[in-house]
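Quick notes on the structure that follows.
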Amino acid sequence: MIPHKLDQHFYMLCGIDRRLAKFENMFTLPGGVSYNSYFLDDEKTVVLDSIDHAVAEGFIAGVEDLLQGRDLDVLVCHHAEPDHCATIVQLMEKYPHCQLYVSALGYKILQQFHPQISYGEDRLVLLDETTTLDTGKHRFSFIKAANVHWPEVFFSFEETTGTLFSADAFGSFGAPAGYIYADQCDYDREWLYENRRYYCNIVGRQGAAVQAALQKISSLEIKRICPVHGLVFRTSESIAHILEKYDRWSRYAAEDEGTVIVYGSLYNQSADLADTLAAYLANQEAGNIRAYDVSKTDISVIIADLFRFSHAVFICNNYNTELYPPMDALLRELMMLNWDNHAYSVVGNMSWGGRGVKIAEEILAKGKHLKAVGESFTIKSSPKQADRELAQALALAIAQDMQAEA
């Protein structure tokens, strides 16, 4: 693992895993993922966050190389999830005088994953917001960031360099290829999609907590953001850009006008209706349009676009007299993520009986500020001319709602 020098004293150890198929065994990783740890070479040596077991060997060797025969003095654990704490036991055993800085809840969670962990007061510092860490030329303060995205999370802020170590916040799916800074690439084209997909699916439920954390760090003079996944932000422009995105995402505010059409289709009839509706929306020049088969497309991709765009249409099949299971799962996960402040429409498809649309509407009713747009309707088995006219009317209603909100 090659250390990336951030400045005279700070280094980044970036463990890259392009073999992992799914993050948390749920979310596809076409571009892999990185696990970022940081090293400070000062009067005290410090490692900020451990790393996943998949890249542990290279990480331990990288730390050893950076120490150049010195002891490790401090290990900071901002977040106790296994992909960032898998090598804590190894480091603490290898460097028996090292102190572990971790929140009280984080320490409890570490012990749940690693029952052998038990450190006395000489090796354990339980973080709170009064804790500071002086290393010689650098000074850290600690910021409680509960539920961004686990309840034990802390950020730290290094005052000399203006560096925010942000745990999972501002992180991303995807693995760097050489460059490690957001300003070294076309970030919106190459990385923003994966940053959004990471936020919406991993952190998305915790919008209120993210807003609270953003408020806490708003008074800091941040010159660099170092997350535990993805790229480092080091310019005022890139920092402002990612902070604005987090503010928008955590308020569940749409980024762009557009409609995401999500459908389930056993025999291609609902797919036909989805494409018909998409054509009518295009005729209205109603913003961006996305159409997804809920049975085929990774759910994290759909959810990210449902956060991004202002409107959604859910075409809901009946199945065994209930809501088509993949659609049921999507809608329930959306509500679990607190998806809100968007407009939606529900369309049904039934051959007999069932209550798919009713179930979908009951699930969506849990949203606090969701707005239903247009008239709901249900086709029977396949779309007829009368159904296409209803789809055309729905497209017009969506377009008019976009214009009203503009």
What is the sum of charges, Lys and Arg at +1 and Asp and Glu at -1, for the other residues whose Cβ falls under 14 Å from the Cβ of residue 104? -2
In degrees, nearest 10, range 0 to 90: what is the angle between the Cα axis of helix 236-250 and the longest Cα principal axis of the chain? 50
Take the Cα radius of gyration of segment 201-280 and divide it by 2.2 N^0.38 Å, with N its residue count; two decimals is plenty. 1.61
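Of 275, 49, 41, which has the most accessible area and how do the rest follow, probe 1.4 Å?
Values: 275 95, 49 5, 41 50 Å².
Order by accessible area, largest first: 275, 41, 49.
Please work out the Cα convex hull volume for the chain and give it in Å³ per residue.
Taking the convex hull of the Cα positions in the chain, it is 142 Å³ per residue.
Roughly to the nearest percent, how much of the accessible area of segment 149-303 is carbon and sulfur, given a 1.4 Å probe? Display every interim value, and only then the final one.
Working: 2690 of 5810 Å².
Exposed carbon and sulfur together represent 46 percent of the surface.
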For segment 72-81, Karplus-derived ³J(HN,Hα) couplings (6.51, -1.76, 1.60; θ = phi - 60°; whole Hz; x for glycine and proline) come out as 8, 8, 9, 10, 9, 10, 6, 8, 9, 5
Please report the carbon-and-sulfur percent of the accessible area for segment 81-143; probe 1.4 Å, protein heavy atoms only, DNA, RNA and ligands left out. 50
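Can you run the Rg to Rh ratio on segment 70-157? Use alpha carbon positions and the Kirkwood inverse-distance Rh. Please report the intermediate quantities before stating the final value.
Details: Rg = 12.5 Å, Rh = 13.3 Å.
Looking at segment 70-157, the ratio lands at 0.94.
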What lysines could a cross-link reach from residue 44, if we take a straight Cα to Cα line under 22 Å and drop same-chain neighbours fewer than 8 places away? 5, 94, 137
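With r as the distance between the Cβ atoms of residue 386 and residue 220 and R0 = 51 Å, compute the FRET efficiency 1/(1 + (r/R0)^6) and round to 0.05.
Details: r = 59 Å, r/R0 = 1.16.
Taking R0 as 51 Å, the efficiency between residue 220 and residue 386 is 0.30.
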Counting only residues 5 or more apart in sequence or on a different chain, those whose built amide H sits under 5 Å from that of residue 313 are 260, 261, 262, 345
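Report the number of Lys pairs in segment 323-397 whose alpha-carbons are under 26 Å apart, with separation of 8 or more residues or on distinct chains.
Numbers: 358/366; 358/368; 358/371; 358/380; 358/384; 371/380.
Taking segment 323-397 as the scope, the lysine pair count is 6.
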Sorted largest first, the C-alpha extents of segment 1-47 along its principal axes in whole angstrom are 42, 16, 13
Residues whose built amide H sits under 5 Å from the amide H of residue 48, excluding neighbours closer than 5 in sequence, are 38, 39, 40, 76
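Normalise the Cα radius of gyration of segment 1-139 by 2.2 N^0.38 Å (N = residues in it) and let me know the number.
Details: Rg = 15.0 Å, N = 139, 2.2 N^0.38 = 14.3 Å.
In units of the 2.2 N^0.38 Å rule of thumb, it is 1.04.
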Row for segment 174-241, column shape: gyration tensor on C-alpha, a ≥ b ≥ c, rounded if a/c < 1.5 i.e. under 1.5, prolate if a/b over b/c, else oblate; value oblate
Evaluated over segment 172-312, the Cα radius of gyration and Dmax, each in Å: 17.4, 57
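May I ask you to give the solvent-accessible area per residue for segment 241-290, in square angstrom, as obtained with a 1.4 angstrom probe? Write out the running numbers ahead of the final one.
Working: 2110 Å² over 50 residues.
Per residue, segment 241-290 has an accessible area of 42 Å².
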Please list 65, 247 in order of solvent-accessible area, largest first, computed with a 1.4 Å probe with all protein chains present. 65, 247
Provide the net charge surrounding residue 289, with neighbours chosen by a C-beta distance below 14 Å and charges set as Lys +1, Arg +1, Asp -1, Glu -1. -3
With angles folded into 0 to 90 degrees, how steeply does helix 299-308 sit against the dominant principal axis of the chain? Use alpha carbons for both and round to 10. 80
On C-alpha positions alone, give me the angle between the axis of helix 269-283 and the longest principal axis of the chain, in degrees, nearest 10. 90
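Just how many % of Cα pairs in segment 261-406 lie over 25 Å apart, if you round to the nearest whole percent?
Cα-Cα pairs of segment 261-406 separated by over 25 Å account for 19 percent.
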Rounded to whole Å and sorted largest first, list the principal axis extents of the Cα atoms in segment 120-221. 46, 32, 30
How much of residue 132 can a 1.4 Å solvent probe reach, expressed as accessible area in Å² and rounded to 10? 60
In whole Å, how far is the Cα centre of segment 80-128 from that of segment 300-323? 41
Over segment 161-214, with the other protein chains present, what is the accessible area per residue in square angstrom, probe 1.4 angstrom? 30
Of 42, 71, 122, the most mobile residue in a GNM of the chain (C-alpha springs, cutoff 10 Å) is 122
What lysines could a cross-link reach from residue 245, if we take a straight Cα to Cα line under 19 Å and drop same-chain neighbours fewer than 8 places away? 216, 223
Segment 348-390: percent of C-alpha pairs farther apart than 12 Å? 66
Under 18 Å from the residue 208 label point (7 Å along Cα→beta-carbon), backbone N, segment 145-167: 145-153
Quick one: which residues, 5+ away or cross-chain, put their amide H under 5 Å from the amide H of residue 103? H built at 1.01 Å from N. 127
Calculated on alpha-carbon atoms, Rg and Dmax of segment 241-308 in Å: 13.9, 44
State which stretch of the chain is the longest one without any exposed chymotrypsin sites (Phe, Trp or Tyr not before Pro), exposure meaning a DSSP loop state and at most 16 other Cβ atoms within 10 Å. 1-118
Rg(Cα) / (2.2 N^0.38 Å) computed for segment 20-75, rounded to two decimals: 1.39
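The values are calculated or read from the model by the stated rules, or taken from the named source; none is laboratory data. Because the structure is a prediction, the values reported are computed rather than measured. Reconstructed Cβ throughout: ideal geometry from the backbone, glycine too, with neighbour counts over all protein chains shown. We work out accessible area using only protein heavy atoms, side chains counted, and drop any ligands, DNA or RNA first. Shrake-Rupley method; radii C 1.70, N 1.55, O 1.52, S 1.80 Å.
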